Amino acid sequence: MPMHGQSNEQRLRSALEVSGQRFTEQRAAVYRYLAGTDVHPTADEVFLCVRQRMSGISLATVYKSLETLVGCGLAVKLTYSDGSARYDGRTDPHHHARCLVCGRVSDLLGEVSAAEIDQLRQNAEGFSVTGYRLELSGYCASCLPEGGPAPIRA
């Protein structure tokens, strides 16, 4: 998603330069894929897709490229308590829904109002809030258990 009239490559080159990193074709291929998808892929999924266009790329290079993109602010790493991670090429504030069965992550439309965030912040006594991440968990249409969804647990 180009911002401020920049192409993806220009944006990548600028972000890498600012963070003291080198531009490489491998990093560019990983970034092009990530910026052009909304499926929140795992590193393995990025590797499989990028390898179709760049056969010589290694899984280690994809992992390093993804971490570099995250470090440069061009991607977000979504980590989970089970140790898994997915990557998001959207860096603007937005929320997600994650399937508990297949792990698919989808972008959600809508916002949490500033008043709601302030109310939550006030309830966090003794805790200095620096940010938040909203993710709804449940079942995608393909994985919905027979008999409907389980009750909501806080």
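Per-structure values
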quantity: Selection from Gln52, Ala124, Gly73, by position along the positive dipole direction of the chain (Cβ); calculated: Gln52
quantity: Calculated Rg and Dmax of the chain using C-alpha coordinates, Å; calculated: 17.9, 54
quantity: Inter-site label distance for Lys77 and Ser106 at 7 Å from Cα along Cβ, in nm; calculated: 2.7
quantity: Peptides ranked, highest mean first, by Cβ atoms within 10 Å: ranges 65-72, 83-90, 126-133; calculated: 65-72, 83-90, 126-133
quantity: Three-way shape label, segment 48-123, alpha-carbon gyration tensor, a/c 1.5; calculated: prolate
quantity: Helix-derived mean residue ellipticity, 222 nm - over the chain, DSSP H n ≥ 4, -39500 (n - 2.57), to 500; calculated: -10500 deg cm²/dmol
quantity: Mean separation of Cα contacts under 8 Å, 6 or more apart, over the residue count of segment 1-91: relative contact order %; calculated: 30
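Readers should treat all values here as calculations from the given coordinates under stated rules, not as data from a laboratory. Predicted, not measured: the structure shown is a model, and the values here were computed from it. Cβ coordinates were reconstructed from backbone atoms using ideal geometry, including for glycine residues, and neighbour counts include every protein chain displayed.
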